[in-house]
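Structure first, commentary second.
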Amino acid sequence: MKTLAILGASGHGKVVADIALASGWDSVEFYDDNWPNCSQVSRWPVIGDSHSLLLSCNKYQGVMVAIGHNETRLKKARQLEEAGALFWLIQHPSAVLSPFAVLGKGTVVMPGAMINVDAKIGRHCIINTGATIDHDCLLADGVHISPGAHLAGTVTVDDCAWIGIGACVHQQRSIGKGAVVGAGAAVIDDVHENETVAGVPAKRLK
Ligand SMILES: CC(C)(COP(=O)(O)OP(=O)(O)OC[C@H]1O[C@@H](n2cnc3c(N)ncnc32)[C@H](O)[C@@H]1OP(=O)(O)O)[C@@H](O)C(=O)NCCC(=O)NCCS
C-alpha cells in the first residue's frame with residue numbers, strides 16, 4: 001500500500017492527488033496550515049498541518065508539497081527533506097517525457113505536458129497542464145511553468161521563477177531567480193532576477 005502525503009489542500013493539491021492516483025499511488029492524505037479550519041478538500045479529509053506532517057512524514061512512502069507559491073513550496077519541501085521525507089517525481093500518464101530528460105524529486109508533471117531531450121528540471125517544480133519544455137532547457141528548483149506555456153530550446157530558468165499561463169519564451173533566453181512572466185507574454189529578451197514582465201513582446205511591468 002503506497003500512500004502519498006500532500007501538503008497544501010488547494011486546487012493545485014487536488015490536481016496533484018488526482019495525478020498521484022492515476023500514476024500508481026494507492027491513496028493520498030492531505031495536510032494544510034489552515035487545518036483545522038480547513039478540514040476537507042474535495043473528497044479527501046485534511047488531517048493536520050505542516051508541523052504534524054514534519055512529525056509523521058516518515059510513515060509515508062512519499063510526500064509532495066502542493067503549494068503554488070514557489071518560495072513557500074521550496075522552503076516547506078526542504079524542511080520536510082531534512083526531517084527525512086521521501087520525495088518522488090509525480091508524472092501524469094499522459095505527459096510525454098524524453099528518456100533523456102532529467103527531472104528532480106518533488107516535481108509534478110501534469111497531463112499533456114511534454115519535456116524534450118536533454119532538458120534538466122530541478123526539484124519541487126510544477127510543469128503544469130500542456131506546458132512544453134524543449135531540448136536542453138535547464139530549470140532550477142521551485143520553478144512553475146503554468147498551463148500551456150512553452151519554452152523553446154536551451155532556455156534557462158532560475159530558482160522559483162514563474163512562467164504564466166500561455167506564455168512563450170524564445171530559445172536561448174534566461175529567466176532570472178524569482179522572476180515572473182505574465183500570462184500570454186512573448187519573451188524575446190532575458191528576464192532579470194525578481195523582474196516581472198508581460199505583454200507581446202514582453203516588457204518589464206512598472
Ligand atoms: C503579470 C502578473 C503577475 C501581474 O500581476 P500584478 O502585479 O498584480 O499586476 P496588475 O494586475 O496590478 O497589473 C499591472 C499592469 O500590468 C498589466 N498586466 C498585468 N498582467 C498582464 C499580462 N499578463 N499581460 C499584459 N499586461 C498585463 C495590467 O493591465 C496593468 O496595466 P495598467 O497599469 O496599464 O493598468 C499577472 O497579471 C499575471 O499574468 N499572472 C500570471 C497568472 C497565471 O499564469 N496563472 C496561472 C496559474 S496556474
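The values are calculated or read from the model by the stated rules, or taken from the named source; none is laboratory data. Keep in mind the model is a prediction, meaning the values are calculated, not measured. Cβ atoms come from the backbone with ideal geometry, glycine included; neighbour counts cover every protein chain shown. Side chains included, ligands, DNA and RNA excluded: accessible areas come from the protein's heavy atoms. Shrake-Rupley method; radii C 1.70, N 1.55, O 1.52, S 1.80 Å.
Go through the stretch 67-80 and give me each residue that's within 13 Å of Gly142 (Cβ to Cβ) and in contact (Cβ under 8 Å) with a residue 12 or more places away in the chain.
So the first thing to find is which residues in the stretch 67-80 are within 13 Å of Gly142 (Cβ to Cβ), and the list is 67-78.
The answer is Ile67, Gly68, Asn70, Glu71, Arg73, Leu74, Lys76, Ala77.
So is Thr196 open to solvent by 10 Å² or more (accessible area, probe 1.4 Å), β-branched (Val, Ile, Thr), in contact with a strand residue (DSSP E or B) (Cβ under 6 Å, 6 or more places away or on another chain) and under 23 Å from Ala101 (Cβ atoms) or not?
On the way: open to solvent by 10 Å² or more (accessible area, probe 1.4 Å): yes; β-branched (Val, Ile, Thr): yes; in contact with a strand residue (DSSP E or B) (Cβ under 6 Å, 6 or more places away or on another chain): yes; under 23 Å from Ala101 (Cβ atoms): no.
Spelling it out, it is not the case that Thr196 is open to solvent by 10 Å² or more (accessible area, probe 1.4 Å), β-branched (Val, Ile, Thr), in contact with a strand residue (DSSP E or B) (Cβ under 6 Å, 6 or more places away or on another chain) and under 23 Å from Ala101 (Cβ atoms).
For the stretch 117-125, indicate whether the set of residues that are in contact with a Gly (Cβ under 9 Å, 6 or more places away or on another chain), in contact (Cβ under 8 Å) with a residue 24 or more places away in the chain, over 23 Å from Gly62 (Cβ atoms) and not charged (D, E, K, R) is non-empty.
no
Among the residues of the stretch 150-160, is any crowded, with 17+ Cβ neighbours inside 10 Å and within 10 Å of the ligand (Cβ to nearest atom)?
Checked against the condition, which is being crowded, with 17+ Cβ neighbours inside 10 Å and within 10 Å of the ligand (Cβ to nearest atom), the stretch 150-160 yields no hits at all.
Is it the case, given these coordinates, that Ala77 is open to solvent by less than 40 Å² (accessible area, probe 1.4 Å), under 27 Å from Ala161 (Cα atoms) and either touching a Leu at 6+ places or on another chain (Cβ under 7 Å) or in a loop (DSSP other than H, G, I, E, B) (or both)?
Numbers: open to solvent by less than 40 Å² (accessible area, probe 1.4 Å): yes; under 27 Å from Ala161 (Cα atoms): yes; either touching a Leu at 6+ places or on another chain (Cβ under 7 Å) or in a loop (DSSP other than H, G, I, E, B) (or both): no.
Considered against the rule, which asks whether it is open to solvent by less than 40 Å² (accessible area, probe 1.4 Å), under 27 Å from Ala161 (Cα atoms) and either touching a Leu at 6+ places or on another chain (Cβ under 7 Å) or in a loop (DSSP other than H, G, I, E, B) (or both), Ala77 comes out as no.
Working only within the stretch 169-206, note down all residues that are of a type in the set (D, E, K, R) and not in a loop (DSSP other than H, G, I, E, B). Give the steps one after another, and end with the answer.
If we filter the stretch 169-206 for residues that are of a type in the set (D, E, K, R), which is where we start, we get 173, 177, 189-190, 193, 195, 203-204, 206.
Listed by number, the residues that qualify are Lys203, Arg204.
Quick one: Gln91 ticks every box in (1) within 16 Å of the ligand (Cβ to nearest atom); (2) touching a strand residue (DSSP E or B) at 6+ places or on another chain (Cβ under 9 Å); (3) in contact (Cβ under 8 Å) with a residue 24 or more places away in the chain except a single one, so which number is it?
Every condition holds for Gln91 apart from (1).
So how many residues does the stretch 176-193 have that are free of Cβ contacts under 8 Å to residues at least 40 places away in the same chain and either open to solvent by less than 20 Å² (accessible area, probe 1.4 Å) or in contact with a Ser or Thr (Cβ under 6 Å, 6 or more places away or on another chain) (or both)? Can you show your working first?
As a first pass, look at the stretch 176-193 and keep what is free of Cβ contacts under 8 Å to residues at least 40 places away in the same chain: 176-177, 179-193.
Remaining after also requiring either open to solvent by less than 20 Å² (accessible area, probe 1.4 Å) or in contact with a Ser or Thr (Cβ under 6 Å, 6 or more places away or on another chain) (or both): 176, 179-182, 185, 187, 190-191.
Adding up the residues that qualify gives 9.
If you check Ile121 against the conditions, is it buried (at least 16 other Cβ atoms within 10 Å of the Cβ), away from the ligand (no atom under 16 Å from the Cβ) and not hydroxyl-bearing (Ser, Thr, Tyr)? Explain how you work it out, then say what you get.
On the way: buried (at least 16 other Cβ atoms within 10 Å of the Cβ): yes; away from the ligand (no atom under 16 Å from the Cβ): yes; not hydroxyl-bearing (Ser, Thr, Tyr): yes.
Spelling it out, Ile121 is indeed buried (at least 16 other Cβ atoms within 10 Å of the Cβ), away from the ligand (no atom under 16 Å from the Cβ) and not hydroxyl-bearing (Ser, Thr, Tyr).
Without any contact (Cβ under 8 Å) to a residue 60 or more places away in the chain, over 14 Å from His124 (Cβ atoms) and either hydrophobic (A, V, I, L, M, F, W, C) or open to solvent by less than 40 Å² (accessible area, probe 1.4 Å) (or both), is that true of Asp32? I'd like the intermediate steps shown before the answer.
Values: without any contact (Cβ under 8 Å) to a residue 60 or more places away in the chain: yes; over 14 Å from His124 (Cβ atoms): yes; either hydrophobic (A, V, I, L, M, F, W, C) or open to solvent by less than 40 Å² (accessible area, probe 1.4 Å) (or both): yes.
In short, yes.
Based on what the data block shows, is Gly24 more than 20 Å from Gly142 (Cβ to Cβ) and open to solvent by less than 10 Å² (accessible area, probe 1.4 Å)? Reasoning before the result, please.
Values: more than 20 Å from Gly142 (Cβ to Cβ): yes; open to solvent by less than 10 Å² (accessible area, probe 1.4 Å): no.
Answer is no for this residue.
Regarding Gly178, is this residue more than 13 Å from the ligand (Cβ to nearest atom) and modelled with pLDDT of 95 or more?
In short, no.
Restricting to the stretch 102-116, what's the tally of residues that are within 16 Å of the chain's Cα centre (by Cα) and either in a loop (DSSP other than H, G, I, E, B) or without any contact (Cβ under 8 Å) to a residue 12 or more places away in the chain (or both)?
From the stretch 102-116, those within 16 Å of the chain's Cα centre (by Cα) are 102-115; that's our starting set.
Subset that is either in a loop (DSSP other than H, G, I, E, B) or without any contact (Cβ under 8 Å) to a residue 12 or more places away in the chain (or both): 104-107, 110-113.
Count: 8.
Restricting to the stretch 161-175, count the residues that are more than 16 Å from the ligand (Cβ to nearest atom) and open to solvent by less than 50 Å² (accessible area, probe 1.4 Å).
Of the residues in the stretch 161-175, the ones more than 16 Å from the ligand (Cβ to nearest atom) are 170-174.
Filter once more, so that each one left must be open to solvent by less than 50 Å² (accessible area, probe 1.4 Å): 174.
Residues meeting the conditions: 1.
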